[in-house]
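Q: This is the structure I want to talk about, given as structure tokens.
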Amino acid sequence: MQEIIDRLATRIDHNFDCFRMGLMHDAVAGKVFLVGAGPGDPGLITVRGRECLAQAGVVVYDALTHPGLLGHAPQAEHIFVGKKADRHSLPQEEINALLVHKARAGNTVARLKGGDPFVFGRGGEEALALAGAGVPFEVVPGVTSGIAAPAFAGIPVSHRGLSTSVTFVTGHLAPGASTQVDLRRTVHEGTLVFYMSVKQLPALTASLIAMGRDARTPAAVIEWATYARQRVVTGMIMDIAAAAKAAAIEAPAIVVVGEVAGLREQLAWFEARPLHGLRVVLTHTARRADRLEGRLRELGADVLSFPTLEIVPAPENGFVWETGRWDWLVLTSTNAAEMIFETLDAAGLDARALGDTRICAVGAATADAVARRYLRVDAHPEGFGPEAAVAAMAACGSLEDGRALIPRADIARRALAASLRDAGMQVEEVQAYETRPVSGLEARLEKLDAYAPDLIVFTNSAAARNFAQA
Ligand code: SAH
């Protein structure tokens, strides 16, 4: 018996030591996540990839990663190592060295790579460099463009009865490599997916035909897949190169050859969405932009979040909640709701202090913020105008001589207060928060320019003003 207990105790000690060492190691040493960013659309990164970005101290990214993804890592240093118009990308050795250096300095590094890090992305080389340097790393697979691009073009890469294999081929050979890609084994059947092969397309299709693939096999070229600017050219092996040339297709593009490419005719879903192709910039605060951004994306728009405003709590507004003082609490934003609950909390109170005060919440997000505190909204006006709010409140009983409290922003319109006064109420307002211009806007304008938006959305005058000033 004693022997068993001793053995167990030793074992537990050992496990505990490992656990402690593990934690200590984690605390001092950095780590690299090789994260697949997906093919373009920022919604196509994995949940794990997003988590890695959120915890990163440094993000090292390429040209083919959507700029919006950096928004998942606002806390991190962002280092661009891709190709720019005016210069080459950082040589691979330097990228490897950078990753090792940043990790050794104790950082959690997210190495964000387009598509999947291990599919023609030189992620294997980076992993080897990290392994060689003894830097811990994890690989977070991504959706590779070779699958996403056909999917977004309405092409299933395998299909019962049409194709039983998929082959990924790079058209780009390492410098000095003399051998041609050996297509003989795959050429007669199945789906062929070519990466980096726009320039080689005439030669590629000619050799496919020379090797005996039916020249009438359907083919498609998908440029900038999953982005709003996605373009698809279809044809057959014999004419796809000419069609791509006529359409001035350029990299990045994926070439799909095989019977499956013919399915696009029936399955093209991406271009059919109502806002397809529209490039939209949202200028309001990051939090507000989220909801609209999701909706726009679903309708097919490409969205760049470009906040020009940030919201900060009103400095020392001197506000004190007095139970029983107000008949109505009128909340026009989530920030107003948060401000009230935070004030209560700071005063050592909780929701019970609201007592009989009724709550009017304007907008779905505001109502949600109230509901999250397990409070019911008495009036939830349809629409945002002051008339709607007054009507919804009046439906609960006469407003005559009632007292209303409106926590509001510095830039809020006064119309609501005026309408409530017209309805016979006594209105008190308190400044709940301030909207401030985001600093460093000028520096980010280059990015906006490169994005070439079709449409810029302003939801208030302050956002428009800050934007115009920058
Ligand atoms: N690791 C990446 C591939 C990097 S190689 C992945 O898994 O997708 C770069 C090539 O990928 C480009 O030349 C192009 O062929 C393809 N590619 C990447 N993004 C693309 C996109 N959005 N649309 C079409 N092709 C794309």
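Q: Regarding segment 294-301, can at least one residue be identified that is at positive phi and touching a strand residue (DSSP E or B) at 6+ places or on another chain (Cβ under 6 Å)?
A: So in segment 294-301, the residues at positive phi come out as 300.
From the residues that got through so far, the ones that are touching a strand residue (DSSP E or B) at 6+ places or on another chain (Cβ under 6 Å) too are none.
No, segment 294-301 has no match at all.
Q: Here are the criteria: (1) of a type in the set (Asp, Glu); (2) farther than 27 Å from TRP224 by Cβ; (3) modelled with pLDDT under 95. Tell me which single one GLU77 does not satisfy.
A: Every listed condition holds for GLU77 apart from (3).
Q: Checking LEU99 against (1) touching a residue at least 60 places away in the same chain (Cβ under 8 Å); (2) within 16 Å of the ligand (Cβ to nearest atom), only one condition comes out false. Which one?
A: Tallying (1) touching a residue at least 60 places away in the same chain (Cβ under 8 Å); (2) within 16 Å of the ligand (Cβ to nearest atom), LEU99 fails exactly one: (2).
Q: List the residue pairs whose Cβ atoms are under 7 Å apart, where the first residue sits in segment 418-439 and is without any contact (Cβ under 8 Å) to a residue 40 or more places away in the chain and under 18 Å from PRO386 (Cα atoms), the second is in a strand (DSSP E or B) and of a type in the set (D, E, K, R), and the two are 6 or more positions apart or on different chains.
A: GLN426/ARG403; GLU429/ARG408
Q: Looking only at strands (runs of 3 or more DSSP E) that fall completely inside segment 58-168, which ones have 3 or more residues that are in contact with a strand residue (DSSP E or B) (Cβ under 9 Å, 6 or more places away or on another chain) and surrounded by fewer than 22 Cβ atoms within 10 Å (Cβ to Cβ)?
A: Result: 77-80, 137-140.
Q: Let me ask something else. Can you tell me which residue is nearest to THR205 (Cα to Cα) among those in segment 122-146 that are within 12 Å of the ligand (Cβ to nearest atom) and without any contact (Cβ under 8 Å) to a residue 60 or more places away in the chain?
A: The selected residue is ARG122.
Q: Another one. Only one of GLU265, GLU271, GLU259 is within 16 Å of the ligand (Cβ to nearest atom), surrounded by fewer than 17 Cβ atoms within 10 Å (Cβ to Cβ) and not small (Gly, Ala, Ser). Can you tell me which?
A: GLU271
Q: Could I ask something else about it? Here are ALA468, ALA450, ALA463: which of them is of a type in the set (A, V, I, L, M, F, W, C) and either touching a Ser or Thr at 6+ places or on another chain (Cβ under 6 Å) or modelled with pLDDT under 85 (or both)?
A: Working: ALA468 fails: either touching a Ser or Thr at 6+ places or on another chain (Cβ under 6 Å) or modelled with pLDDT under 85 (or both); ALA450 fails: either touching a Ser or Thr at 6+ places or on another chain (Cβ under 6 Å) or modelled with pLDDT under 85 (or both).
Selected residue: ALA463, the only one of ALA468, ALA450, ALA463 that is of a type in the set (A, V, I, L, M, F, W, C) and either touching a Ser or Thr at 6+ places or on another chain (Cβ under 6 Å) or modelled with pLDDT under 85 (or both).
Q: Output yes when any residue across segment 231-240 is crowded, with 17+ Cβ neighbours inside 10 Å and under 21 Å from the mean Cα position of the chain (by Cα), and no when none is. Give the derivation first.
A: Quick first cut of segment 231-240, residues crowded, with 17+ Cβ neighbours inside 10 Å only: 231-237, 240.
Keeping just the survivors that are under 21 Å from the mean Cα position of the chain (by Cα) gives none.
Within segment 231-240, not a single residue is crowded, with 17+ Cβ neighbours inside 10 Å and under 21 Å from the mean Cα position of the chain (by Cα).
Q: Can you name every residue in segment 404-428 that is more than 19 Å from VAL370 (Cβ to Cβ) and either of a type in the set (Gly, Ala, Ser) or part of a strand (DSSP E or B) (or both)?
A: ALA415, ALA417, ALA418, SER419, ALA423, GLY424, GLN426, VAL427, GLU428
The values are calculated or read from the model by the stated rules, or taken from the named source; none is laboratory data. Predicted model, so just to flag it, every value in this text is computed and none were measured. Cβ atoms come from the backbone with ideal geometry, glycine included; neighbour counts cover every protein chain shown.
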